[in-house]
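Before any comments, here is the structure.
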Amino acid sequence: MLYLLVTVILFLAELLYFRFANKYNIIDKPNERSSHNYITIRGGGIIWWVAALLYMLFNSSEMSGWFLTGITLMAGISLWDDVKGLGQKVRLLAQLVAMTCAFILAGAFGMYPWWAIALGYIVFIGIVNAYNFMDGINGITGLYSIAVLASLQYVNLSYGNFVHPDLIWYPMIASAVFLFFNFRKRARCFAGDVGSVTIAFWIVTLLLILIIKTENLIWIGFLMVYGVDTVMTILHRIYLKQNIMEAHRLHFYQILANEKKVPHRLVSLIYFTVQLLCSALIIVLYPVMGWWILIILAILLILIYSFKFKFVKISNP
């Protein structure tokens, strides 16, 4: 019954945000680098922040304040960026403070040397930004997030709760509600930075807690599809002598959607299915194969990614 109430509240919150966005002209206008060609409401992903607020209201705990503080900072600065635009230094500072909240929540400080903490900041902030860069076609952020969260929830329920189950159920419900409006041929809204960054922070926090509690980095494989795409795209752009901080259309999903004209929703379903399969293989085979399963999956994904050079020529813009 509680989950039904959460679902209804999230639906109403999204519809209320649509009215707010229309009033203040928070919209996404397509340009030459866009994967869509129509004006759409931006920032619908604020629903993940609403889900975090509901989690704290219904499952208050001593540590939930750190989580809400971090995710509110991420959502607030990203919404501001969606509406007005912000410099990279301001966004980075906000992400550093938010990630500090996640590290406190996970109990990282005092457990690891300073260099490991510093490396953690680089890796996890990098993941948040990579997640944001991957948000470019209908359904990809919502579906991929469900694939990652479902994998985390399976581990959570099967091997002893590393977090309260609702800390995973709530973003899954929010993802499903968001997909109701986004997973369409003509989406009613896009996630915007506020959405992709917020759900990325939520997932990164869960992964950080799981990694620290199990003392095992293998769970980073739950993000390996996005990870391989991001790393290979960066290497490709370096080869083309491009500024990797500027917008582009060289991600594999962009090439499939823009160059090969594969329907957006099909591309999103492919990313969802492949990540779910990779996560399942890691869960099942890691006890038998160890890190070899991650290495083999990474090699296979790199080979699949490399096929883009076979069927499309990408010139330096």
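The values are calculated or read from the model by the stated rules, or taken from the named source; none is laboratory data. Model, not experiment: these values are computed from the prediction. No Cβ is skipped: glycine too gets one built from the backbone with ideal geometry, and neighbour counts run over all protein chains shown.
Checked against (1) closer than 17 Å to G192 by Cα; (2) in contact with a Ser or Thr (Cβ under 8 Å, 6 or more places away or on another chain); (3) of a type in the set (G, A, S); (4) assigned to a helix (DSSP H, G or I), G136 meets all criteria but (4). For the stretch 228-312, no helices (runs of 4 or more DSSP H) sit wholly inside it while including 3 or more residues that are in contact (Cβ under 8 Å) with a residue 24 or more places away in the chain, buried (at least 18 other Cβ atoms within 10 Å of the Cβ) and over 23 Å from the mean Cα position of the chain (by Cα). When the stretch 43-99 is limited to residues that are surrounded by 15 or more Cβ atoms within 10 Å (Cβ to Cβ) and of a type in the set (D, E, K, R), the one that is nearest to G136 (Cα to Cα) turns out to be D82.
Of note, L86 satisfies the criterion of being free of Cβ contacts under 8 Å to residues at least 12 places away in the same chain and over 16 Å from the mean Cα position of the chain (by Cα). Scanning the stretch 211-220 for residues that are over 17 Å from the mean Cα position of the chain (by Cα) and on the phi < 0 side of the Ramachandran plot returns I211, I212, K213, T214, N216, L217, I218.
Within the stretch 146-201, the residues that satisfy the criterion of being part of a helix (DSSP H, G or I) and either at positive phi or among the hydroxyl-bearing types (S, T, Y) (or both) are S151, Y154, S158, Y170, S175, G192, S196, T198. Among the numbered conditions (1) modelled with pLDDT of 95 or more; (2) farther than 30 Å from L256 by Cα; (3) aliphatic (A, V, I, L, M), the only one that A94 does not meet is (1). All conditions but one from (1) over 30 Å from L276 (Cβ atoms); (2) among the aliphatic types (A, V, I, L, M); (3) part of a helix (DSSP H, G or I) apply to L86; the one that does not is (3).
Only one of these is buried (at least 23 other Cβ atoms within 10 Å of the Cβ) and farther than 26 Å from Y17 by Cα: L119, L157, L152. Name it. Walk me through it before giving the result.
Values: L119 fails: buried (at least 23 other Cβ atoms within 10 Å of the Cβ); L157 fails: buried (at least 23 other Cβ atoms within 10 Å of the Cβ).
Going through L119, L157, L152 in turn, the sole match is L152.
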